[in-house]
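Notes follow the structure.
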Amino acid sequence: MVDLRSDTVTRPTEAMRAAIGRAPVGDDQYGEDPSVIALQERVAALVGKEAALFVPTGTMANQLPLKLYCRPGDDVVVGLESHAVWHETGAAAANAGVQFTEIGTDGRFTAEEFLAARNPRGHLLYPPTTLVEVEDTQNRKGGLVWDRAELERVGAAAREHGVASYLDGARLLNAAAARGDDAAALAAPFDLVSIALSKGLGCPAGSVLAGRREDLAALVRYRRMLGGAMRQSGVLAAAGVYALDHHVEQLADDHANARLIGERLAAVDGVELDLARLETNIVVFRLGEGA
Ligand SMILES: *Cc1c(COP(=O)(O)O)cnc(C)c1O
């Protein structure tokens, strides 16, 4: 049986385990783990940013931008049904004291929708919008891919109004594979970007944040605050480097397989599935009457 519940149920291959076994390690809290350093440099180059930081989970990756860019009481604009709002058990409120405004209709949104939702700083009544967060691909709405032009427009609108921007790119490499875009071009409009290693890339754990050097230096403190400063985490980072070397090309196979499953399912009586929205590795369908 092939377990298709999620791209997170993958297990490290023998070759990945061998790479883990060979990994040189050191104490990453002293910045001395060569494998972590290699992974961070690799991801920074991949997404076109100055620096990167390894964190244990995507959920922690989503917390750090809130700590860096927002004060308690601030408002964060996000797409409908974002991971940050729906799948982090209230972490943003508990850790950063922020509230969310969800916009758009399918998890994505336009620059106009962002500007309409944005609150200014210093208003008598409104909570100031200090961060806009984009999820690409969008998870709960079905692995939807953002148009690169809209990412650029949202990023530009944020910059123009002094709002920080964060790209939750847990599946950014899926987005890049689906549209033939360059991951660095997709990340370019944003101050900070994260990618997950533990989803379609098949690693046992880990996400990486990337952005400006000074922002990343500040994030080291918040990572520690949340308990994410590890020691010989090179054993995990080495899996990440291995996956970036060997698994990225297979994302297109995942998408083709998801498409095949979607097409077969869509032909079944009573199954509701919109093939026009099946672009990556997530298949969403409903069982209607008669299924
Ligand atoms: C899975 C996911 C996360 C969180 O990653 P974990 O490693 O499970 O904490 C964040 N954002 C998106 C879009 C995700 O799909």
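Would you point out the residue of region 179-212, among those that are charged (D, E, K, R) and within 18 Å of Leu251 (Cα to Cα), that is farthest from the ligand (Cβ to nearest atom)?
Per the criteria, the residue is Asp182.
Do you know which residues across region 275-291 are touching a residue at least 40 places away in the same chain (Cβ under 8 Å) and of a type outside the set (Lys, Arg)?
The answer is Leu278, Glu279, Thr280, Asn281, Ile282, Val283, Val284.
Here are the criteria: (1) more than 27 Å from Leu236 (Cα to Cα); (2) surrounded by fewer than 21 Cβ atoms within 10 Å (Cβ to Cβ); (3) in contact (Cβ under 8 Å) with a residue 12 or more places away in the chain; (4) not charged (D, E, K, R). Tell me which single one Ala205 does not satisfy.
(1)
Which residue, of Ala237, Ala217, Ala276, is surrounded by 14 or more Cβ atoms within 10 Å (Cβ to Cβ), out of contact with any Pro (no Cβ under 6 Å at 6 or more places or on another chain) and either hydrophobic (A, V, I, L, M, F, W, C) or under 30 Å from Leu68 (Cβ atoms) (or both)? Full working, then the answer.
Numbers: Ala217 fails: surrounded by 14 or more Cβ atoms within 10 Å (Cβ to Cβ); Ala276 fails: surrounded by 14 or more Cβ atoms within 10 Å (Cβ to Cβ).
Exactly one of Ala237, Ala217, Ala276 is surrounded by 14 or more Cβ atoms within 10 Å (Cβ to Cβ), out of contact with any Pro (no Cβ under 6 Å at 6 or more places or on another chain) and either hydrophobic (A, V, I, L, M, F, W, C) or under 30 Å from Leu68 (Cβ atoms) (or both), namely Ala237.
Which of the residues that make up region 165-187 are touching a Ser or Thr at 6+ places or on another chain (Cβ under 6 Å) and in a helix (DSSP H, G or I)?
Asn174, Ala175, Ala178
Return the residues of region 12-50 that are within 16 Å of the ligand (Cβ to nearest atom) and either among the small types (Gly, Ala, Ser) or more than 22 Å from Met230 (Cα to Cα) (or both); say none if nothing qualifies.
Across region 12-50, the qualifying residue is only Val47.
Looking only at region 96-139, which residues are under 16 Å from Ser82 (Cβ atoms), in contact with a Gly (Cβ under 7 Å, 6 or more places away or on another chain), more than 16 Å from the ligand (Cβ to nearest atom) and not in a strand (DSSP E or B)?
The answer is Glu113, and nothing else.
Can you tell me which residue among Leu46, Leu115 is at pLDDT 95 or above and either buried (at least 20 other Cβ atoms within 10 Å of the Cβ) or of a type in the set (Gly, Ala, Ser) (or both)?
Leu46
Restricting to region 51-73, name every residue that is small (Gly, Ala, Ser) and either within 13 Å of the ligand (Cβ to nearest atom) or under 12 Å from the mean Cα position of the chain (by Cα) (or both).
Scanning region 51-73 gives Gly58, Ala61.
The values are calculated or read from the model by the stated rules, or taken from the named source; none is laboratory data. Keep in mind the model is a prediction, meaning the values are calculated, not measured. All Cβ positions, glycine included, derive from the backbone under ideal geometry; neighbour counts span all protein chains shown.
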